[in-house]
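To keep things clear, I will list the structure first and then write my remarks on it.
The values are calculated or read from the model by the stated rules, or taken from the named source; none is laboratory data. From a predicted model like this one, the values you see are computed outputs, not experimental measurements. In this analysis, Cβ positions are derived from the backbone assuming ideal geometry, glycine residues included, and neighbour counts consider all displayed protein chains.
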Amino acid sequence: MPLLILAFFVTALLYASVGFGGGSTYTALLALSGLDYRILPLLALSCNIVVVAGSTTRFARAGVTPWRSAGLLTALAAPAALVGGLTPISETLFLTILGISLLFAGAALLLKPSVSSTAPAKAARFMPLFAIPLGYLAGLVGIGGGIFLAPILHLVRWNSAKAVAATASLFILVNSMFGLVGQTIKGGTGRIAVAIDLGLPLLLAVAIGGQIGSFLALKYLPQSWIRLGTAALTIWVGARLLLMM
């Protein structure tokens, strides 16, 4: 357990420093520890909420959240996240989707936003279509979906970097809440009790790690270094998960 707590702390520190929650990696770390896969989304989504709640509030107070467009993406994704949380899934399929998602997420973190133009690309108008499948995936395997959404928003020059980060935080927060509701309804009270017993020290670890990550990103560490470290962690965990099967 101490190693798992440390891993959650480091994951929250890295992900919070680049504006994400870390739900995909929390889920994978729990899977590698041998826990029942049906409990993993409950813990991972709860940790997601703890990490991104603070960043969502900070973005809102700073006035950088594009509420109309971000609200549309989030409103489309949230019901899909609830349905994803309610969807029964086998352990093999769950771990396969999670492992592949982590590899794609790690690759997405390595993508650099286009700087050739500040005008939105034509594909930007189709972003609401991406929100629904990302929301469903978020609820299904216990992630927020923002780690996929943000690179796409950058690539199509959807908005400024700060607006994209604010949108991703809101997207992750709401999707995690709706996905958690779906997972809770599907799992019943028995799994909730187990998740609570295991989750308190993990929630504390990510709360502290998330705050430190945000502080370091603002004051000391270059974003490029943090992004590379987060991508390396994500790809390594995803590869280990797939090789374990």
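Condition check ((1) aliphatic (A, V, I, L, M); (2) more than 21 Å from R227 (Cα to Cα); (3) surrounded by 22 or more Cβ atoms within 10 Å (Cβ to Cβ)) across all residues:
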position: L140; (1), (2), (3): yes, yes, yes
position: G145; (1), (2), (3): no, no, yes
position: I172; (1), (2), (3): yes, no, yes
position: N175; (1), (2), (3): no, yes, yes
position: G179; (1), (2), (3): no, yes, yes
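Beta carbons closer than 8 Å, at least 6 apart along the sequence or on distinct chains, pair a first residue in segment 219-239 that is under 17 Å from A150 (Cβ atoms) and at pLDDT 70 or above with a second that is aromatic (F, W, Y) and outside any helix (DSSP H, G or I) for T230/F20. The single condition among (1) assigned to a helix (DSSP H, G or I); (2) within 22 Å of V51 (Cβ to Cβ); (3) at pLDDT 80 or above that G144 does not satisfy is (1). Would you point out the residue of segment 168-201, among those that are modelled with pLDDT under 90 and hydroxyl-bearing (S, T, Y), that is nearest to G63 (Cα to Cα)? Checked segment 168-201; the qualifying residue nearest to G63 (Cα to Cα) is S169. Quick check: is even one residue across segment 3-20 out of contact with any Gly (no Cβ under 7 Å at 6 or more places or on another chain), without any contact (Cβ under 8 Å) to a residue 12 or more places away in the chain, under 21 Å from G199 (Cα atoms) and in a loop (DSSP other than H, G, I, E, B)? Taking every residue of segment 3-20 in turn, none turns out to be out of contact with any Gly (no Cβ under 7 Å at 6 or more places or on another chain), without any contact (Cβ under 8 Å) to a residue 12 or more places away in the chain, under 21 Å from G199 (Cα atoms) and in a loop (DSSP other than H, G, I, E, B). The residue of segment 21-32 that is surrounded by the fewest Cβ atoms within 10 Å (Cβ to Cβ), among those that are part of a helix (DSSP H, G or I) and not polar (S, T, N, Q), is L32.
Considering segment 54-113, and only residues there that are part of a helix (DSSP H, G or I) and of a type in the set (K, R), the residue that is modelled with the lowest pLDDT turns out to be R58. Has segment 150-161 got any residue that is assigned to a helix (DSSP H, G or I), at pLDDT 85 or above and under 20 Å from A53 (Cβ atoms)? So far as segment 150-161 goes, no, none of its residues is assigned to a helix (DSSP H, G or I), at pLDDT 85 or above and under 20 Å from A53 (Cβ atoms). Among the residues of this structure, L35 counts as one that is touching a residue at least 60 places away in the same chain (Cβ under 8 Å), outside any helix (DSSP H, G or I) and aliphatic (A, V, I, L, M).
Just one of the listed residues (A31, A53) is within 17 Å of N175 (Cα to Cα) and among the hydrophobic types (A, V, I, L, M, F, W, C), and it is A53. Each residue in segment 47-65 was checked for being crowded, with 19+ Cβ neighbours inside 10 Å and within 26 Å of L129 (Cα to Cα), and 7 pass. Per the conditions (1) crowded, with 24+ Cβ neighbours inside 10 Å; (2) over 20 Å from the mean Cα position of the chain (by Cα); (3) hydrophobic (A, V, I, L, M, F, W, C), the sole criterion not satisfied by I192 is (1).
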